[in-house]
Amino acid sequence: MQINANRLGEMLLEAGLIDQFQLDSALSMQRNLGGRIGSALVKLGYLPEETIMEFLETQVKYSRVSLLELEIPKELMSLLSLERMAELMVIPIELRKSGHEKILRVAMTDPTNVKLIDDLQFATGCKVIPVLAAEAEISQAIKNNAPEEVEEKTDFHADKAIMESGMVSFDDITSHDSRLDVLLEILKQKGILSALDVERVKFN
């Protein structure tokens with residue numbers, strides 16, 4: 001069977017927890033509204049989130065974590081924008097080094113999403129080990145661990161971007177131009193671009 005971003009739906013179907021109609025309905029909802037297949041199944045009333053969590057826990061390679069009182073270091077919170085974490089429903093929780101390799105544990109609602117894991121590895125430059133966490137806990141952990149100065153800092157850069165947008169011609173900007181770095185950093189902090197998007201702009 002092909003491994004794809006909707007692997008979770010296929011696994012639930014194989015386990016008999018949902019039928020083909022329910023999977024097709026959830027996939028249709030996901031295509032039209034975005035989001036994750038597990039969330040779509042919950043919103044449609046086909047499965048409670050806890051059932052999905054318990055099912056994934058039975059898959060040997062997926063461990064479940066509680067984020068209720070977890071304090072996450074600032075350097076981990078800076079790996080992705082808060083908006084990107086909320087959009088993808090992920091949060092980095094631990095970084096370890098093994099030789100020359102950096103290993104990042106990331107809590108997510110769907111650790112079967114291979115494409116998401118690949119994107120996170122590219123964006124962070126780390127080998128990503130997915131762990132399982134409830135959507136509500138991830139959302140709360142993002143809020144609890146958000147840097148206090150992020151809102152003020154973001155507003156400052158937003159104002160700066162507005163002031164400078166009419167003064168800079170981007171026609172002659174190259175990937176080595178410092179003005180491009182400034183612009184990309186502003187867009188990243190506003191959550192318009194992710195770290196992955198920034199890398200693509202710089203190196204494409």
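Give me the pairs: first residue in segment 48-61 and in contact (Cβ under 8 Å) with a residue 40 or more places away in the chain and over 13 Å from Ala136 (Cβ atoms), second residue of a type in the set (Phe, Trp, Tyr) and surrounded by 11 or more Cβ atoms within 10 Å (Cβ to Cβ), beta-carbon distance under 6 Å, and six or more apart or on different chains, which are they?
Within 6 Å, the pairs are Leu56/Tyr62.
Table: residues versus (1) at pLDDT below 90; (2) surrounded by 12 or more Cβ atoms within 10 Å (Cβ to Cβ); (3) touching a Leu at 6+ places or on another chain (Cβ under 9 Å).
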site: Arg84; (1), (2), (3): no, yes, yes
site: Ser98; (1), (2), (3): yes, no, no
site: Leu104; (1), (2), (3): no, yes, yes
site: Ala107; (1), (2), (3): no, yes, yes
site: Asp119; (1), (2), (3): no, yes, yes
site: Ala123; (1), (2), (3): no, yes, yes
site: Ala133; (1), (2), (3): no, yes, yes
site: Phe156; (1), (2), (3): yes, yes, no
site: Ser175; (1), (2), (3): yes, no, no
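What residue, among those in segment 74-112 that are among the aliphatic types (A, V, I, L, M) and out of contact with any strand residue (DSSP E or B) (no Cβ under 8 Å at 6 or more places or on another chain), is farthest from Glu49 (Cα to Cα)? First the steps, then the outcome.
As a first pass, look at segment 74-112 and keep what is among the aliphatic types (A, V, I, L, M): 76-77, 79-80, 82, 85-86, 88-91, 93, 95, 103-104, 106-108.
Pick out the ones that are also out of contact with any strand residue (DSSP E or B) (no Cβ under 8 Å at 6 or more places or on another chain) and you get 82, 86.
Working: Leu82: 23, Ala86: 18 Å.
Looking at the filtered set, the residue picked out is Leu82.
For residues in segment 1-46 being β-branched (Val, Ile, Thr) and closer than 20 Å to Met89 by Cα, which is modelled with the highest pLDDT? Quick ask: steps written out before the conclusion?
Within segment 1-46, the first condition is being β-branched (Val, Ile, Thr), and the residues that meet it are 3, 18, 37, 42.
Narrowing the set further to residues that are closer than 20 Å to Met89 by Cα leaves 37, 42.
Details: Ile37: 86, Val42: 90.
Here the answer is Val42.
The values are calculated or read from the model by the stated rules, or taken from the named source; none is laboratory data. Remember, it's a predicted structure, so these values are computed and weren't measured experimentally. Backbone-built Cβ (ideal geometry, glycine too); neighbour counts: all protein chains shown.
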